[in-house]
Each structure stands twice: as C-alpha cells, then as structure tokens.
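See structure below.
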C-alpha cells in the first residue's frame, strides 16, 4: 500500500444505517489483517456478504475500540468487517477482530445458571430464581453478621458501561460496601494515578487523529504491534509517509516487532524507565530544548524537578538503564526537536511498584517541552481492555464513584447519594479493597464472599497460590461468565450465564475517550442475560427492586448521565440516538456539542489552580531483585494473536496457529550459563511457584532477563506464569508488579 495514501480512504459506499439497524451492505473495499503474516490486505465483500443483515458494533478486545460491522443470518454471526467510518480504525481490523464470529457460538457457551449444593459436589443446572435467592440469602446473612465490607465484587474492563454502573450503584449506594474493584487495576491503574496527579484528571488529553499529525513518537513499555495492532499500523503508516521527518523511539527490554519501525531502539534494563526519562529530561534542559514559557505559565514544581534531573546526567542514567549515554542523548534530541511529539505506553510502565512515578515522568517530558494540548502531541496510555475507560467513568474502582468522583470526598458522596435517593451518609467514606488487597482479605477470611464478573483471575492475578487460597477460603464464590469451564468457574459455587458481544446492547469508551454504541445483532443463548440485568434481578431478590427497575440498557445510561453533569467527563449531550449515528468523545455536555478531540488546549489543566504539576521521582529498584538463588528477571506480556486468558481467542484455530503453546524467551548467553538448549522444556521458578514451557533462544531479549506470555492457563495443560509473579504493588495506584520478579531457570525434569 502506498505510504502517501490517506489512512481513512475507504473506497465504495458506506452501509446505510437507520437507527443503528443496517440495511443491505453495498460492495466496497475493506481492510483487514491477515493472521498468518500480520500484513494488511484489501478484501472486497462477496455475494454471500450481501445476503447478511449488518449491524454496527465495537470489537470487544483491546482498548483501541475498533468499530466493526457485524453480519448475521438465522441467529448466528457469520462475518465481521471493519467499520470504515469509525475514528479508531477506519475499517482496519487486527487478526483477533477479524475472527470474532468464531468465538460466539461454541460448545462451552453457558446457557443456564449452575450451582453446587456443596463445595464437594458438581455444578448442576438450576433456575435463575433459585440461584439468586441463594446468593441473596447468604449475602444478607454475611452482611448482618460481619458488615457490608464482608462482601465484594471483582469486575472487568470488558463489561459495558451500563453493567459497570449498575454494579457500583448496588454495592456502594445500597449494600454499603466500596469493595468493587476491576481487573483494570492490573492494567491501567497507574496511568489513572499518573494523569490525575500530573494533570488533575483521568484520561489521555489527545486522540488517535493526532497520530497522523505527529512527527515524533516515544513508545515506551509497550509492544504496540502485538497488543494494539491497529494503533501500531497507524503509527507505522505515519512513519512510512514521511520517513525522514517522522522519528520513532522505542524503549523496551525486548526487541519486538514494534522496534522494527524505530529510528532509535533503547534496550533498557527492566524497571529503569524513571532513570531513562529523567536522563532524557536532563539532556533537554542542558540543550535548551524546553518550552520555558509553557513551564512558567501552565505548570508548577519545575524548580524541584530541576534539582532531581541534575542527578541524572547521561552517563549515570545510561549505567542504570544498561544502555549507552549517547543513546539517551539521541533519544532526548529526537523528542525535543519534534514539532509535534506523542508518547505511547502500556503495561511496561503501569505494572510496577513504581508505576505512578513512571507515568508522571512521561508526562513531565510533555509538560517541559509544551508537547500537550496541541494537534499531534500528548501523553497517551494504551488501554488493554475495551471499556476500562468507561469503567473508571462509572466508578468501577474501589476508590471511585460515578463521574470521576472520589469516595473520600464528602461533597462527591453527597452528590451521588442525592441522585441515587439514599440517605445522607450511606456511602462509606473509606475506599474499598483493591484487587490484590481483596484476594488477600478473602484468603484471610475478612471478606466472606466475592462476585466475579467477566474475568478469569485464576490465570491473570499475580501469585496464583494466594488467589487459589482466597477462593477456597470464601464462603460463596459467584461468577458471571459466557463460557464454562474456565480456571475460575471451576472454583465457583454459582456460575451465571451472561450475554456477550453481539448479543446485547450498550456503550463503551475506548482509550481516546470515544464513546461508541454496541448494537445487539443476535439473541443470547437460552437463559443468558446481560450482566446489568443479572445484577438488577439480584437487587430485586435483596428487596431493592424499586431502585433497579431498569427496563433497557438505555434507561441505565440515561441515569448514569445525570451523575456526570458538571464533571470533567460530562456526557449530558450523549444519547443512544446520537451514538447510533456515530461515536462521540467526552466531554460532550449538551445535545449540540460535538466531540472533544483534545483537552487542555488553552493550557488550563484540571487542578484547582489550572496548572499541571511536575512531579519529581528518583529511580528506585523494583520490589524484588535478582540474587544468587534467583539470578534472572522474569517479565511477562502478550503475543499478537491471543488476548487475556484465551477464553475467547484460544478457541480459534487460525489464532492458535502462530503460537500453539506457551514459551520462555532466553538470551543465548543465559541459556549457555544454565546449560539450556533451544526447544528444551524449561522450568522458571520464583519464591512463589513455578511454570514450565519450551525454551526459545533469541538475541531480542537482554541478557539477565527472560520472558513468558501470560495467556496460557491450567485448562490448556500449561503451567501458568502467574504462579511465579509478585503481588507487591504501587502504593498510589495499587497496581501489582507483574513485569518484574526474580527467578531461576533449569531444564524441566519431565522432558
């Protein structure tokens, strides 16, 4: 494809959409990713495609939020196509998105509630009434005997906004517990705390459209090519369109496909991002590449930060990072000389005991150079789940209330209590338990019951021995899911069947604050229900039905909107009717308001004084460092064709073809040190547990470091890498350090 061709130049006619319901699709050219190669090709619609009914939706995988057109017939999803009019992807889909129909109707779909009579008995089919009455009876007894904080919800960035809202309303407003946390805590919590502390409000200030306007990119702690392929393709095309002007810096301990487009690749030591970013800022200050006027007018804290970065000349920063001083000088110069610079990051920064500090340091670079609030600029965190942003908006973390409010603020609690119609003082002023804290409390018996929605923590949580102990200790474990068995449903007392993507309607917010409508195309199987309906039925069983008498997802959204009035994310002007015509970026406070593509364009930030904060951090070592017994660093991550714990993507043969089994990447120097050969079965062992997989020798990973993907779970006959990882977490974001722990490696004994 010619690099000069505009990204959004879809050919042919747009499918006619009336009230969100598609008529026949006219032939046109669309773009997809071929799974076997990762290359972009153009494929026309076929005659069979023209026989389908098409609906608009959004891909349910990562936070890019790609628009899709769903072709269905006779109650089955037959095909998907990229939506050429959606601003996240303009018709482009990755391999995972292109195979969505294959994960909808599967033999392991849950269609009926299931319940165990005792922990020793098998799950058996039951009725909705029996299941919900059992939960209600036990939760009433637990709350009466131990207080409301003895129950908890562990939810998911895959839920729709309406699901998130109903769970939070029930727990925080009516049951009286703030113990509602999300698997987004494992994903984006450090980005949230970074944005809030530096800029005064959550969410990226820019948008995807800035990619086509930027001429400098810093990709740090992100394998964008594998984890966010559509966004990476936009960056790649921008680089190809102006290869000499557009500069790309990639910092990562692994030289992944993302680094293939880099002008400068920095193979930094895992966990040393703060040292790198402070070193870059030191060089920028010495080279007079700062925006002094912006710093003076729009920020505070520069004087303190200036003293800190003086301690990070290139020689010292490079020694900490394990790279050359000239590489830091070059990175700083490329960033500082860019007319418009963007930075992208993901789990490599966030999943750390110093994740908030790393996020602050990235934002410091933008504030110091004035690279924020203008087209083509800004710090941009890449979200791992489709509605992690929407979850934060509705209060879906243990310290939040709807509308980006905080449980610790009295005025926020009073506002929400008033709109929910509950007595003043009903909302607990103490933040609830975050993900790791919640599982520890279950293991210790302080929390008696947990309701898990739309996530598989028995693969994704760190230190799985602790998570396993937690669910074994709990008096009642309830799981909403779309499949059974999963590693988590196997341990549940009740498993409730949820409707999934294409089977229900609602909204979600992607990484750029873009709200999209997800239209129902087919009916869910038999008794499966949307998660918000399940929670409303439970509220009725608890005697709270009048406050949860929602008839449609749209009614839920309309109530939620009221709680955003006057807030930074005001969506008063967003309606289902408008969303059916196209996505909208918040804030969008009135019906006539258009999308807000960029925030802080006038240099006024969300702190009370209107100024952004420079926040100073020295480099600190991770919570657990290598020693003689455990001499290597283990880092974990994703592969391109799998997503999360493989409950969906693992069912699709073409996605399994590239990586049919888990693996361990080792540098040849480390392999020689431990007498390990390529292709041998290797065991990685930490202070917490062990995992085994085939060894893959590669120069793309730094000596002293090994890598394993986290997707594979015990149901696939694989040892789960999170048996080894560490539950230590950042003191501000409470996000665990999944990217760094000390391990040993050895040949497995059962080869």
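The values are calculated or read from the model by the stated rules, or taken from the named source; none is laboratory data. From a predicted model like this one, the values you see are computed outputs, not experimental measurements. FYI the Cβ positions are ideal-geometry reconstructions off the backbone, even for glycines, and counts take in every protein chain you see.
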Inset, instruction - Given the conditions (1) surrounded by 24 or more Cβ atoms within 10 Å (Cβ to Cβ); (2) outside any loop (DSSP other than H, G, I, E, B); (3) touching a strand residue (DSSP E or B) at 6+ places or on another chain (Cβ under 6 Å), report the number of the one that residue 412 does not fulfil. - result: (1)
Inset, instruction - Could you name every one of the helices (runs of 4 or more DSSP H) located completely within the range 301-341 that has at least 1 residues being closer than 22 Å to residue 377 by Cβ? - result: 302-309, 325-337
Inset, instruction - Given the conditions (1) over 30 Å from residue 605 (Cβ atoms); (2) crowded, with 19+ Cβ neighbours inside 10 Å; (3) outside the structural domain of residue 454 (by TED's automatic domain parsing), report the number of the one that residue 581 does not fulfil. - result: (2)
Inset, instruction - Identify the single condition in (1) under 18 Å from residue 511 (Cβ atoms); (2) buried (at least 24 other Cβ atoms within 10 Å of the Cβ); (3) touching a helix residue (DSSP H, G or I) at 6+ places or on another chain (Cβ under 6 Å) that residue 228 does not satisfy, given that it satisfies every other one. - result: (3)
Legend entry - Residues located in the range 633-667, provided they are within 15 Å of residue 747 (Cα to Cα) and either assigned by TED's automatic domain parsing to the domain that holds residue 156 or loosely packed, with under 15 Cβ neighbours inside 10 Å (or both): none
Inset, instruction - Mind counting the residues in the range 271-303 that are within 22 Å of residue 220 (Cα to Cα) and out of contact with any helix residue (DSSP H, G or I) (no Cβ under 8 Å at 6 or more places or on another chain)? - result: 1
Inset, instruction - From 476, 508, grab the single residue that is over 24 Å from the mean Cα position of the chain (by Cα) and not assigned by TED's automatic domain parsing to the domain that holds residue 98. - result: 476
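Of the residues that make up the range 100-113, is at least one within 29 Å of residue 446 (Cβ to Cβ) and buried (at least 18 other Cβ atoms within 10 Å of the Cβ)?
Yes, the conditions are met somewhere in the range 100-113.
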Inset, instruction - Take the residues in the range 443-466 that are without any contact (Cβ under 8 Å) to a residue 40 or more places away in the chain and part of a helix (DSSP H, G or I), then tell me which one is farthest from the chain's Cα centre (by Cα). - result: 444
Inset, instruction - Answer yes or no as to whether residue 297 is outside the structural domain of residue 67 (by TED's automatic domain parsing), within 22 Å of residue 382 (Cα to Cα), surrounded by fewer than 18 Cβ atoms within 10 Å (Cβ to Cβ) and in contact (Cβ under 8 Å) with a residue 60 or more places away in the chain. - result: no
Inset, instruction - Output the residues belonging to the range 699-730 that are without any contact (Cβ under 8 Å) to a residue 24 or more places away in the chain and over 20 Å from residue 683 (Cβ atoms). - result: none
Inset, instruction - Output yes when any residue across the range 493-505 is modelled with pLDDT of 95 or more and under 20 Å from residue 174 (Cβ atoms), and no when none is. - result: yes
Inset, instruction - Determine if the range 385-405 includes at least one residue that is farther than 19 Å from residue 157 by Cβ and touching a strand residue (DSSP E or B) at 6+ places or on another chain (Cβ under 8 Å). - result: no
Inset, instruction - Quick one: count up the residues across the range 708-725 that are over 23 Å from residue 484 (Cβ atoms) and surrounded by fewer than 24 Cβ atoms within 10 Å (Cβ to Cβ). - result: 1
Legend entry - Matching residues in the range 654-682 - criterion: being free of Cβ contacts under 8 Å to residues at least 12 places away in the same chain and either in a loop (DSSP other than H, G, I, E, B) or within 18 Å of residue 711 (Cβ to Cβ) (or both): 660
Legend entry - Odd one out for residue 91 among (1) exposed (fewer than 14 other Cβ atoms within 10 Å of the Cβ); (2) modelled with pLDDT under 95: (1)
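Matching residues to (1) closer than 12 Å to residue 396 by Cβ; (2) part of a helix (DSSP H, G or I); (3) in contact (Cβ under 8 Å) with a residue 40 or more places away in the chain:
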| position | (1), (2), (3) |
| --- | --- |
| 168 | yes, yes, yes |
| 174 | no, yes, yes |
| 177 | no, no, yes |
| 181 | yes, no, yes |
| 184 | yes, yes, yes |
| 196 | no, yes, no |
| 203 | no, no, yes |
| 206 | no, no, yes |
Legend entry - The listed residue being in a helix (DSSP H, G or I) and assigned by TED's automatic domain parsing to the domain that holds residue 391, out of 164, 154: 164
Inset, instruction - Take residue 92 and decide whether it is closer than 20 Å to residue 528 by Cβ and in contact with a strand residue (DSSP E or B) (Cβ under 7 Å, 6 or more places away or on another chain). - result: no
Legend entry - Matching residues, the range 240-261, being surrounded by fewer than 21 Cβ atoms within 10 Å (Cβ to Cβ) and part of a helix (DSSP H, G or I): 240, 241, 257, 260
